[in-house]
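Every read-out reported here was derived from the displayed coordinates using simple, explicitly stated rules and does not represent laboratory data. If you're wondering where the values come from, they're calculated on a predicted model, not measured in any experiment. Note that each Cβ is placed from the backbone with ideal geometry, even for glycine, and that neighbours are counted across all protein chains shown.
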């Protein structure tokens, strides 16, 4: 698979003077191949938006655990015209008419466009696609980006959903895939991540209530404990 990705990337970058710069080309190839290999994504070169400009895209189902089951949501990652100076453009793209984007989702807008700290704080010299997708997975573990509309079946409206539900064999394969990509599918994400940003580990105890529920960055902006709403006298960072 990596060989095919490299060949299509090489053809695509050869037609773009920015991508053709040797340092850029090497960085992009390593970056894209790592994400494709980690999540077994497909790839294509296709027209982008209303302009019709051809861009390189990697796409496929992104697995994530939710309430004890493994789910997957289709995503597309498009390289921008001067990537990696600008971050990639990432979309959640439901493949079924019954699956809808969750209104008001914290990381996906109504068009499916994704945003997260890794994209907002993108650094051309160090940011890459794979860690960004891992960050989205960690957010989706809390907040699935799609819901299933069952109104066509005579239901009262809609029902919460988490994307495509995988069968037993597929779930095992998806869990193994997440493990190989550095995501612990069996662990409860709430036990590890800040309840506010959902990206950084919990490392700060709020005194006097004693709750350890946020990272130091988020804790610095709190006026009350997010767990019990108790008044904060001071914050104590812990190292575990």
> Taking the Cβ-Cβ separation of residue 237 and residue 121 as r and a Förster radius of 30 Å, what is the calculated FRET efficiency to the nearest 0.05?
Replying inline: 0.90
>> At a 10 Å Cβ-Cβ cut-off, how would you order 227, 70, 13, fewest neighbours first?
In response: 227, 13, 70
> Rounded to the nearest 0.05, what FRET efficiency is calculated for residue 96 and residue 207 with R0 set to 35 Å and r the Cβ-Cβ distance?
Replying inline: 0.10
>> Please arrange 148, 8, 50 by how many other C-beta atoms lie within 10 Å of their C-beta, fewest to most.
In response: 50, 8, 148
> So for the pair residue 85, residue 227, with labels modelled 7 Å out along Cα→Cβ, what separation do we get in nm?
Replying inline: 4.6
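How do 103, 216, 96 line up, fewest other C-beta atoms within 10 Å first?
Details: 103 8, 216 16, 96 13.
Placing the least packed residue first, the sequence is 103, 96, 216.
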